[in-house]
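The values are calculated or read from the model by the stated rules, or taken from the named source; none is laboratory data. What you are looking at is a predicted structure, and each value in this text was computed from that prediction instead of being measured. Methodologically, a virtual Cβ is constructed for each residue, glycine included, from the backbone with ideal geometry; neighbour enumeration extends over all protein chains shown.
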Amino acid sequence: MVDTLIIGGGSAGSVLAARLSEDPGHTVRLVEAGGNRYSAADFPPELSDSAALPVDDQAPWLWRYPVALTPDRPGRIVRGRGIGGSGSVNGCYFIRAAARDFAAWSRETGSTAWDFEAVLPYARSLENDADFGDYAGHSRTGPVPVRRIARPSRLVEEFAATCLDLGFGEVPDWNAMPGGPDTGVGPVPCTIGPPDAAGRHHRIGPALSYLLPALSRPNLTVRGDTLVTRLRFDGTRVVGADCVSGGQLETIRADRVVLCAGAIESAALLLRSGIGPADHLAALGIPLVTPAPVGQWVTDHPEIGIEYRHPAPAAGAVPLEYVLEFDDIEIRPYAVAFAPGVHRMGVTLMRPTSSGRLRLAAPDPLVPPLIEEGYLATGSDRARLRAAVGLAGKILDVMSAQWSGGTDEGAISDRWLYERLGTSQHLAGTCRMGGPDDPRAVVDEHCRVHGVEGVSVVDLSVVPVPLSRGPHATVVLLAERATADLR
């Protein structure tokens, strides 16, 4: 029997395990379906190199999920596999959600717990900002290293100069007070270490900054290669979880279970455990524990990929050294190559009005769930992306890049968008946060699952609004904030 069982050893799970085990009288067990990594040496070189985006088809450190981006366009989502999770394979981007995101979050929950002013102390306490640590709203004492690339690549320098020439302001710090700038171009704060003698940086995710330093604590146990198949209940009170480890079935008893398996697997586990839409579970023969709208609201950031040619080499220190933000659009000049000799610019809608859903295909945990992104279902989403692609085209033209498109948004058809449609890999909202009377809500403002006792969800699945920035900084903040409620 343990006090807290954490399911999932990615970013949120790493933070929670480290923070909850600071109390020597509280026993914590973390289980991860992927492999163990107990030291920095256990991370493959591809995961350590901040310039790599290690998501190729054969990578053994990924989970892969088929998705429907639209009813007619298939796609794929990948997630980090093993201790460290997606925080060990991402682009190191660490921009906080904007103050307006937290305002919308609080409105959805009917609570002030997620106002920007309420979460700012947690945002400060987690970071060690090498560039702005002495400024308001920042810190130099937290576990997460944050720094910006001092010498961006030639391609990114041209992109930034073009944006300034087009009238956008310069943003030295996207995490600046009060609550982050809304518009401009500037360097991406990244979770990387200082440059080595060759100018290379190391990716430092929460497993390295939180979990590994805590592994010597006798009250903390971490085990990989352990697949949780379902939660166990006595009535509506959780008593543990069934899992498979080394080919053997096992039940881990716990006073409390916290799901940190990510927006896909946390939702799938709740559904397999009898928490979800009653009709869906009945069709799969899963006994109902409590009805809940698990998986009924899915949001993500649709991204239009524009491929182009430019004489500057693809040689960035991180995949994204700079970004341009305006309104609900983020334009990403990727500094790494996605194909030999070809550059890519991502045009991303950060607050889409379209949404999707997630369902189980079968009760078997080895069968991937059915994921419908629901991208571009509304005319407003398509119109915003057309306008943004038009601006991206102007930027590329000024940069003398070669690309197959034009700057006239009226000539950009829906088909053109669909042909280049991809995902930012930021799926969220499957276990949406909200009050007890909200028919869309799965968890309350303290991340506790409605209708059962002893189960919480702490990962991107609970975020109830689309975030106007990439989510990793918010996931770490979410775990820090949730720790205060779970202690």
Item to check | Only listed residue being more than 24 Å from residue 79 (Cβ to Cβ), at pLDDT 95 or above, crowded, with 18+ Cβ neighbours inside 10 Å and of a type in the set (A, V, I, L, M, F, W, C), chosen from 396, 360 | outcome: 396
Checklist entry - Can you tell me which residue in the stretch 192-208 is farthest from the chain's Cα centre (by Cα), limited to those that are closer than 24 Å to residue 152 by Cβ and buried (at least 22 other Cβ atoms within 10 Å of the Cβ)? => result 201
Checklist entry - Which members of the stretch 273-291 meet the condition of being buried (at least 24 other Cβ atoms within 10 Å of the Cβ) and either assigned to a strand (DSSP E or B) or not polar (S, T, N, Q) (or both)? => result 275, 276
Checklist entry - Using beta carbons and a limit of 7 Å, which pairs, at least six apart or on different chains, have the first residue in the stretch 25-50 and of a type in the set (Lys, Arg) and the second one not in a strand (DSSP E or B)? => result 37/43; 37/82; 37/83; 37/84; 37/207
Next on the checklist: Just to verify a result, which residue in the stretch 132-169, among those that are in a loop (DSSP other than H, G, I, E, B) and β-branched (Val, Ile, Thr), is farthest from the chain's Cα centre (by Cα)?
Outcome noted: 141
Next on the checklist: Among the residues of the stretch 319-326, are any among the hydrophobic types (A, V, I, L, M, F, W, C), under 17 Å from the mean Cα position of the chain (by Cα) and assigned to a loop (DSSP other than H, G, I, E, B)?
Outcome noted: yes
Checklist entry - Of 347, 389, which residue is without any contact (Cβ under 8 Å) to a residue 60 or more places away in the chain and either more than 30 Å from residue 273 (Cα to Cα) or assigned to a helix (DSSP H, G or I) (or both)? => result 347
Item to check | Qualifying residue in the stretch 120-129 (condition: touching a Pro at 6+ places or on another chain (Cβ under 6 Å) and closer than 17 Å to residue 331 by Cα) | outcome: no
Item to check | Matching option when the condition is touching a residue at least 40 places away in the same chain (Cβ under 8 Å) and either within 30 Å of residue 172 (Cβ to Cβ) or surrounded by fewer than 20 Cβ atoms within 10 Å (Cβ to Cβ) (or both), among 303, 265 | outcome: 303
Checklist entry - Considering the stretch 33-78 alone, what residues qualify as being of a type in the set (S, T, N, Q) and assigned to a loop (DSSP other than H, G, I, E, B)? => result 36, 39, 50, 58
Checklist entry - Is it the case that some residue within the stretch 107-119 is modelled with pLDDT under 95, touching a Ser or Thr at 6+ places or on another chain (Cβ under 8 Å) and either not charged (D, E, K, R) or not in a helix (DSSP H, G or I) (or both)? => result yes
Checklist entry - Looking at the stretch 430-479, which of its residues are surrounded by 24 or more Cβ atoms within 10 Å (Cβ to Cβ) and among the acidic types (Asp, Glu)? => result 459
Checklist outcome for this item: Residues of the stretch 310-352 being over 27 Å from residue 167 (Cβ atoms), surrounded by fewer than 21 Cβ atoms within 10 Å (Cβ to Cβ) and either at pLDDT 95 or above or touching a Pro at 6+ places or on another chain (Cβ under 8 Å) (or both), in sequence order, are 336
Checklist entry - Given the conditions (1) of a type in the set (A, V, I, L, M); (2) buried (at least 19 other Cβ atoms within 10 Å of the Cβ); (3) within 23 Å of residue 301 (Cβ to Cβ); (4) at pLDDT 95 or above, and given that residue 53 satisfies all but one, which numbered condition is not satisfied? => result (4)
Checklist entry - Yes or no: residue 15 touching a Phe, Trp or Tyr at 6+ places or on another chain (Cβ under 7 Å) and among the β-branched types (Val, Ile, Thr)? => result yes
Checklist entry - Which numbered condition trips up residue 484, out of (1) out of contact with any Lys or Arg (no Cβ under 8 Å at 6 or more places or on another chain); (2) of a type in the set (A, V, I, L, M); (3) more than 24 Å from residue 353 (Cβ to Cβ); (4) at pLDDT 95 or above? => result (4)
Checklist outcome for this item: Here the qualifying pairs (Cβ atoms under 7 Å; residues six or more apart or on different chains; first in the stretch 100-119 and under 15 Å from residue 434 (Cβ atoms) and surrounded by fewer than 17 Cβ atoms within 10 Å (Cβ to Cβ); second at pLDDT below 95 and not aliphatic (A, V, I, L, M)) come out as 110/435
Checklist outcome for this item: Of (1) aliphatic (A, V, I, L, M); (2) crowded, with 16+ Cβ neighbours inside 10 Å; (3) over 22 Å from the mean Cα position of the chain (by Cα), residue 177 satisfies every one except (2)
